[in-house]
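> My questions all concern the structure below.
Please treat every number below as a calculation from the coordinates, not as lab data. In this text, all values refer to a predicted model and were calculated from it rather than measured experimentally. Here the Cβ is made from the backbone with ideal geometry for all residues, glycine too, and neighbour counts use every protein chain on show.
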Amino acid sequence: MRLYSSREKWFWLSQVISGVALFFFAGLHFYLQHYAVAGGLRDFQQILDYLTNWWALLLEWLFLLVVTVHAILGLRAIMLDFGIHPKRTDILSLLAVVFIFIYGVELTLEILRWK
């Protein structure tokens, strides 16, 4: 039987919490993008108008962060299963989360510049 360190327990708990948050943010995202709009789907101009509201932009960025953290923690677990050193997986995971989140924020800001 393998005993887990307290650090590993925190990673596991973080994945559980991000999974629960994922349900909340995904549901909110689908509602705001499909049901809160006449016609059932926003067109590009409506998306630009939606994202100019700072609350909507914050919600979308939080959704991106939760999805990214949850996915990368899952990939981290797979890397550990393949025997990659835990410190190396932690560094790769952190770099991936930071890179993907910054890229997503920059992409969103670039789309907003088209307005």
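> Quick check on the range 93-115: of everything there that is within 17 Å of TRP12 (Cα to Cα) and either aromatic (Phe, Trp, Tyr) or out of contact with any Ser or Thr (no Cβ under 6 Å at 6 or more places or on another chain) (or both), which residue is surrounded by the fewest Cβ atoms within 10 Å (Cβ to Cβ)?
Per the stated criteria, the residue is LEU94.
> Only residues that are exposed (fewer than 12 other Cβ atoms within 10 Å of the Cβ) and among the polar types (S, T, N, Q): list them for the range 1-54, please.
SER5, SER6, GLN45, THR52, ASN53
> Further, regarding this structure: So VAL67 ticks every box in (1) in contact with a Leu (Cβ under 8 Å, 6 or more places away or on another chain); (2) exposed (fewer than 14 other Cβ atoms within 10 Å of the Cβ); (3) touching a residue at least 24 places away in the same chain (Cβ under 8 Å) but one. Which box is left unticked?
The number of the failed condition is (2).
> Of all the residues that make up the range 78-92, how many are surrounded by 15 or more Cβ atoms within 10 Å (Cβ to Cβ), of a type in the set (A, V, I, L, M) and within 19 Å of the chain's Cα centre (by Cα)?
1
> Working only within the range 33-65, note down all residues that are hydroxyl-bearing (Ser, Thr, Tyr) and closer than 24 Å to VAL20 by Cα.
TYR35, the sole residue that qualifies.
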